[in-house]
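Report on the following structure.
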Amino acid sequence: MTTKNPLQNKIIVVKSIDKNLAIYSDKKNPNYGGMNENSVRIYRLPYGKSGFVNIFKDKKDEQSFLEAALGLEENTLSTTRVAETNFWSEYNNSELNKVVLRKGSNIINLNEPSGYIKYLILKANSEFICPSREELNTRKKATYEYVIENQGDDLKEMIEDVDPILDCNSLLAKIKDDTDKLAYVCLVLTKKKHDAKEKNNKYFVKTILEYINSNPKYTLSILDDKYLDTKIFINKCVNKGLIVTKSKFYFIREGDVPMCNPGTDSTLEVAAVWLSEYENVAYKQQLELNLQKLTPKK
């Protein structure tokens with residue numbers, strides 16, 4: 001039988017996702033983020049009505065390669081074998097058929113057969129394992145417990161963002177006369193509502209500059225957010241009661257419409273993407289019309 005080498009010259013980092021829990025908000029608390037620093041989570045191949053998820057569907061050659069590389073008998077990794085002899089069964093006391101993840105960062109080498117199998121297990125647990133940081137930022141599920149990242153992601157960000165302070169100052173200069181944007185950026189940075197009528201642009205710019213100097217990378221993520229305008233619009237709608245929040249999830253009040261696609265949670269990040277999509281333009285136009293009616297003419 002022909003075999004295909006699926007191994008990749010790549011290392012991934014599987015990071016635990018901290019939950020926003022008030023009871024464990026102190027980073028010094030060993031349970032910070034909702035997971036004890038000494039605890040582990042174990043993931044196995046999901047089992048459903050049709051049996052184990054077939055991670056080698058249409059990839060029999062990859063299965064054969066891994067079996068040979070690990071010194072296993074032919075068809076050992078088949079997901080369709082009877083329970084008593086199924087490699088993936090929890091009753092099979094093997095380190096290869098499960099992934100044990102600790103709090104924080106977990107390193108997996110995809111150039112090793114055992115590491116690649118662990119990667120396949122994690123991908124199959126899509127309800128709990130987010131496939132990328134980008135996915136986590138745009139379509140975050142409440143059930144996600146870990147996110148998969150490439151080992152070089154952090155370094156890549158540093159290379160692409162050589163001097164975030166300069167970038168921040170450049171972006172701030174573009175909005176220094178836009179009171180709505182300045183007020184919203186200050187709101188996100190300080191977590192405090194600033195009345196644009198009581199504060200002038202000079203105050204907002206000064207506040208943002210303080211954050212640029214103390215935390216430039218985070219400030220840049222806000223100033224350079226491609227959905228900044230949409231988030232400002234959503235915030236205006238919230239202030240006028242056109243959009244409501246329930247446990248930090250966003251809904252259009254009229255019709256109680258969740259601002260997300262099925263299977264996701266309508267967090268602000270997701271709601272901003274959703275409202276920007278072409279198929280939801282009717283919702284946005286109606287919100288704009290209603291907001292215009294509720295906004296006093298200057």
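Bear in mind that the values in this text are calculations on the coordinates, not laboratory data. If you're wondering where the values come from, they're calculated on a predicted model, not measured in any experiment. Virtual Cβ from ideal backbone geometry, glycine too; neighbours counted across all protein chains shown.
A few points about this structure:
- ASN235 sits among other residues whose Cβ lies under 12 Å from its own Cβ, and their net charge, with Lys and Arg +1 and Asp and Glu -1, is +3.
- In this structure, the pairs whose alpha-carbon distance is over 19 Å, taken from LYS248/LYS293; LYS181/LYS206; LYS199/LYS284; LYS140/LYS236; LYS226/LYS293; LYS19/LYS141, are LYS248/LYS293; LYS199/LYS284; LYS140/LYS236; LYS226/LYS293.
- Partners for LYS60 among lysines (Cα-Cα distance below 24 Å; same-chain residues under 8 apart left out): LYS4, LYS10, LYS49, LYS98, LYS118, LYS123
- Peptides 57-67, 177-187, ordered by how many other C-beta atoms sit within 10 Å of their residues on average, highest first, read 177-187, 57-67.
- When +1 charges are put on Lys and Arg Cβ atoms and -1 charges on Asp and Glu Cβ atoms, the dipole computed for the stretch 162-224 relative to its Cα centre reaches about 260 debye.
- By the combined test of axial Cα extent (at least 15 Å) and Kyte-Doolittle hydropathy (mean at least 0.0), the qualifying DSSP H helices of the chain come to 113-124, 164-175, 179-190, 228-239.
- Using the rule -39500 (n - 2.57) for each DSSP H run of four or more residues, divided by the residues of the chain, the 222 nm mean residue ellipticity is -12000 deg cm²/dmol.
- At q = 0.21, 0.24, 0.26, 0.27 Å⁻¹, base-10 log of I(q)/I(0) for the stretch 162-224 (Debye sum, equal scatterers on each alpha carbon): -0.73, -0.95, -1.11, -1.19
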